[in-house]
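Each reported figure results from applying straightforward, stated rules to the coordinates on display, with no laboratory input. Just so we're clear, the structure is a prediction, and the values are computed from it rather than from any experiment. For neighbour counting, all protein chains shown are included, and Cβ atoms are generated from backbone atoms with ideal geometry for every residue, glycine included.
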Amino acid sequence: MSKFRFEDLEIWKIAIEILDMCMEISEILEQAHLYRFAEQLRAAGLSISNNIAEGSGSNYDKEFYKFLNYSRRSAFEVANIILYLIHRQMINIDWKTKMVDKLDILCRKITNFQKSLKK
């Protein structure tokens, strides 16, 4: 059975876990009629794993590095949305703890993975 290169990457697997959490929070937000927040959170969450996948398809480490940077930036976007939702008391603190911890781990792993690539 064939596989894409990114499927074996730990950073992609963590990104998918984060996307799952983004989707769950988005469902809660939509129930509260906060559609714009839900859509932005889904898009930013999807962008994390999409950029890892897209970058892994490159033949050049320099290009993959660039896409990993986009992925990290999307992770920061998700963190910002989560922190704002907490600030406005739109989601509970348990979500913040889970998300911020997972995002922090992912960003560190992406940075470490970038260091392994040839620039």
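List of remarks:
- When the trypsin sites (Lys or Arg not before Pro) in region 12-118 are filtered for DSSP coil states and for at most 11 other beta-carbon atoms within 10 Å of their beta-carbon, the remaining sites are 88, 118.
- Long-range Cα-Cα pairs in the chain (distance over 24 Å), rounded percent: 27 percent
- FRET E, pair residue 115, residue 27, Förster distance 35 Å, beta-carbon r, rounded to 0.05: 0.45
- Lys, Arg +1 and Asp, Glu -1 on Cβ, resulting dipole of region 1-66 about Cα centre, debye, nearest 20: 240 debye
- Mean ellipticity per residue at 222 nm, deg cm²/dmol - from DSSP H runs of n ≥ 4 across the chain, formula -39500 (n - 2.57): -28000 deg cm²/dmol
- Using a simple spin-label model with pseudo-atoms 7 Å out from Cα toward Cβ, residue 101 and residue 76 lie 2.4 nm apart.
- Given 66/102; 62/118; 13/98; 3/102, the pairs whose alpha carbons are separated by over 18 Å: 66/102; 3/102
- Charge dipole (debye, nearest 20) of the chain; +1 at Cβ of Lys and Arg, -1 at Cβ of Asp and Glu: 600 debye
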